[in-house]
Amino acid sequence: MSETPRTAFGGRRAVPPNNSNAEENDPPTVELQGLVPRGVNLQDYLNVTGVHLFKEKWDSNKVDHHTDKYDNKKLIVRRGQSFYIQIDFNRPYDPRRDLFRVEYVIGRYPQENKGTYIPVPIVSELQSGKWGAKVVMRENRFVRLSIQSSPECIVGKFRMYVAVWTPYGIIRTRRNPETDTYILFNPWCEDDAVYLDDDKEKEEYVLNDIGVIFYGDANNIRSRSWSYGQFEDGILDACLYMMDRAQMDLSGRGNPIKVSRVGSAMVNSKDDNGVLVGSWDNIYAYGVPPSAWTGSIDILLEYQSSQNPVQYGQCWVFAGVFNTFLRCLGIPARVVTNYFSAHDNDANLQMDIYLEEDGNVNSKLTKDSVWNYHCWNEAWMTRPDLPVGFGGWQVVDSTPQENSDGMYRCGPASVQAIKHGHVCFQFDAPFVFAEVNSDLVYITAKKDGTHVVEAVDTTHIGKLIVTKEVGGDGMKDITDTYKFQEGQKEERLALETALMYGVKKSLNTDGVAKQRSDVDMDFEVENAVLGTNFTLTITFQNNSPNSYTLSAYLSGNITFYTGVSKEEFKNETFDVTLEPLSFKKKEVLVRASEYMGQLLEQASLHFFVTARVNNTGDILAKQKSIVLLIPKVIIKVRGSKMVGSDMVVTVEFTNPLKETLQNVWIRLDGPGVIKPTRKMFREIRPNSTVQWEEVCRPWVSGRRKLMASLTSDSLRHVYGELDLQIQRQPSA
């Protein structure tokens, strides 16, 4: 009978990979150095009868370590900071003759030199940066210890043991899940790689469990709240499971650079069965539409319980879940939105828009795309692997766009390095630099095979980069952290530096040969509500004493927010005659019936206007996107807004469209107030209203928020939210 082949390590000193926090291999309870003489009972020596970890929410261990918000009954502490435990013995402890130590173990094959087995010695004084335990109280049969952990300690869930020395060997406590201890990154510790000195920023970027994500486009910015829920029951374990699923070696889990890079790969499922399946085709039959999610909790818990990727996500969902992962582990993080974000397929720092000779876009040659917006994350950490000055905020992006070292991931890339064009430093800086600092180049593809550069727009890409403000729901402009102002010497120097470091630029656009045309063209689109008609106004301006005739072309497209066109819903050609030094306006009516049938979930329309000046052959080109105004979900509450008291939440929606909405799902979420829940309505007729009531009992006091989303077969990206102030329970 053949045996199953297995890896043999007998002939070498190598230890099997230790890449799972969940797997265990308990140390022996007794380690004897020889035979125990007859009549000797090891139980007569010092024995541990109990261990107390002071792990209630109100205990100093959790309050001082800022872990009291975690809905988790285990002890959770931050590395590099002391915490207290108490050990009960069978008799009074005598330091002159009794010797014991605390041990922390993680994974299946613990080794002291890899930080997976940590023997903590009893010391007279604790030393900063080193593991140690100091007796701070000794009374009767117990001792109380202050334990100091290393600021470079592995982040994860440790098993704890107490080992007592006897003349015949070691007696060790048995495995007890009640003494398991989570150790997290510590932004409050100056020696930790994620140390952040501003208290308000720590409150926002580590402890805030509700965020605001911005979307839409630069001229019509929209926002929605997102429940990060990093303190909710089960989320910490789900985040550790992500690293286990990535088979990340435990010895690397104390390094925020490695942890964030693994996280950026694991949040998407592209090549590693990570958390979320990305989908941009508007077909979500086998899962949840990206716009329906209200937060990260359901996604992470479903991923851990099913052990399969969750369907579906788009960039803001990836960013929201990744933010939960980072904040939960203690790495300061924020979601960033880049408006007019370039996806540079050929890494030449240009978005090449190819035109036919008649001015229409050549879709076969145009491979680069400009996303209306793109969301990624920034994580705060030191970068000892880079020159001094490149620490601080690092771009990490979990949306699967381009391959990085064999996997779909991005970062961490230093924001400071990107601003100054130092794209030679790892990781993925050239791609991020192109996202925020590319040139938009219009090129005419001639029938004879030659290409002529018509125009260069150096300001369109990375028009605006924003994040949520500290301490409020408003928007903070952080564009200047990524790039110098257009036209400054420093901006041009940063671009030249990026090119020097090997980012190729295949087409020379400096000093485009074509002279500026005597005719200018621009257009405006009025703000429009979903389901209504609206007007687009094109303005032609003649700046010369000559008369001109123009042949113009308008194309209206339903687009994904990634800038990719789904379908053209409107096209119109017209001629314009311009008298000397005059202007002319052309109004084009866009009817609801033209776009409603093909509308995608973000209600984004893209217009492209080109015009040929017949007298000179000059080509004028402009493009703009608009996001239609979408109706909101209304949330109301009644009852006592107090911890532990019943409160009734009412969700209400009125269908403003002229068609019946079918298969309507409404989701409701509110960290600390109500667990994520949902309800289905088969249909909502035109102008009719549906209501849904849920009774909840808040368990977290302070400023809270309720969030709701609605999705249906024909209407998505419908949101609503309500700010609440939850009162504490009155003390008895």
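Give me the number: length gained by fully extending Phe54 to Glu203, i.e. 0.36 nm times residue separation minus the C-alpha to C-alpha distance, one decimal in nm.
Numbers: separation 149, 0.36 × 149 = 53.64 nm, distance 2.37 nm.
Gain on stretching Phe54 to Glu203: 51.3 nm.
With a threshold of 30 Å on the Cα-Cα distance, the over-threshold entries among Lys476/Lys586; Lys200/Lys483; Lys114/Lys675; Lys258/Lys624; Lys566/Lys658 are Lys476/Lys586; Lys114/Lys675; Lys258/Lys624.
Ordering Gln311, Ser279, Phe540 by the projection of their Cα atoms onto the charge dipole of the chain, which places +1 on the Cβ of Lys and Arg and -1 on the Cβ of Asp and Glu, puts Gln311 at the extreme positive end. Relative to the globular-protein estimate of 2.2 N^0.38 Å, the Cα radius of gyration of segment 595-666 stands at 2.05. Along the Cα-to-C-beta direction of Thr660, a point sits 7 Å from the Cα; which residues of segment 695-727 have their amide N less than 15 Å from that point? Correct set: 713-714.
Here segment 140-190 is treated as a sphere whose radius is the Kirkwood value from Cα pairs; by Stokes-Einstein at 10 °C and 1.306 mPa s it diffuses with a coefficient of 116 µm²/s.
Near the amide H of Tyr373, within less than 5 Å, lie the amide hydrogens of Phe340, Ser341, all on another chain or at least 5 residues away, with H placed in the peptide plane.
Of all the accessible heavy-atom surface of the chain, with the other protein chains kept in place and a 1.4 Å probe, what percent is carbon and sulfur?
Details: 14980 of 32200 Å².
So the carbon and sulfur contribution to the accessible surface is 47 percent.
The phi-based Karplus calculation (6.51 cos²θ - 1.76 cosθ + 1.60; θ = phi - 60°) puts the 3J(HN,Hα) values of segment 458-465 at 8, 10, 6, 6, x, 4, 8, 10 Hz, whole numbers, x for Gly and Pro. With each label modelled as a point 7 angstrom along the Cα→C-beta vector, the Glu486-Asp271 pair spans 3.5 nm. Ordering of 124-130, 177-183 by packing is 177-183, 124-130, highest average first (other Cβ atoms within 10 Å, averaged per residue). When only the Cβ of Lys, Arg, Asp and Glu is charged (+1, +1, -1, -1), the dipole of the chain relative to its Cα centre reaches about 2360 debye.
Helix 256-266 and the long axis of the chain differ in direction by around 60°, with both axes built from C-alpha atoms. Computed from the Kirkwood radius of its Cα pairs, the Stokes-Einstein diffusion coefficient for segment 307-419 at 4 °C and 1.567 mPa s stands at 81 µm²/s.
What is the ratio of the Cα radius of gyration of the chain to 2.2 N^0.38 Å, with N the residue count, to two decimals? All intermediate terms of the calculation are to be shown ahead of the outcome.
Details: Rg = 30.6 Å, N = 732, 2.2 N^0.38 = 27.0 Å.
Rg over 2.2 N^0.38 Å, computed on Cα atoms: 1.13.
Any idea what the dipole of segment 36-182 comes to, in debye rounded to 20, about its Cα centre with Lys/Arg Cβ at +1 and Asp/Glu Cβ at -1?
Values: 25 positive and 16 negative charges, 61 e Å.
Around 300 debye, computed over segment 36-182.
Using R₀ = 60 Å, calculate the FRET efficiency as 1/(1 + (r/R₀)^6) where r is the Cβ-Cβ separation of Asp358 and Lys636; round to 0.05. After rounding, the FRET efficiency stands at 0.60. Taking the C-alpha atoms only, the angle from helix 235-245 to the longest principal axis of the chain is near 90 degrees. Rounded to the nearest 20, the size of the Cβ-charge dipole of segment 157-273 about its Cα centre is 640 debye, with Lys and Arg at +1 and Asp and Glu at -1.
Here's the picture: charge each Lys and Arg Cβ at +1 and each Asp and Glu Cβ at -1 in segment 205-248, and of Gly229, Cys239, Tyr215 the one pushed furthest to the positive end of that dipole is Tyr215.
Centre-to-centre separation between the Cα atoms of segment 211-226 and those of segment 369-435: 22 Å.
On a 0 to 90° scale, report how tilted helix 489-500 is relative to the longest principal axis of the chain, with both axes built from alpha carbons and the result rounded to the nearest 10. Once rounded, one gets 70 degrees.
Straight Cα distances below 14 angstrom link Lys705 to the aspartates and glutamates Asp209, Asp473, Asp669, Glu721, Asp723, with same-chain residues fewer than 8 positions distant left out.
The values are calculated or read from the model by the stated rules, or taken from the named source; none is laboratory data. Keep in mind the model is a prediction, meaning the values are calculated, not measured. Cβ sites come from the backbone with ideal geometry, for glycine too, and all protein chains shown count toward neighbours. We work out accessible area using only protein heavy atoms, side chains counted, and drop any ligands, DNA or RNA first. Shrake-Rupley method; radii C 1.70, N 1.55, O 1.52, S 1.80 Å.
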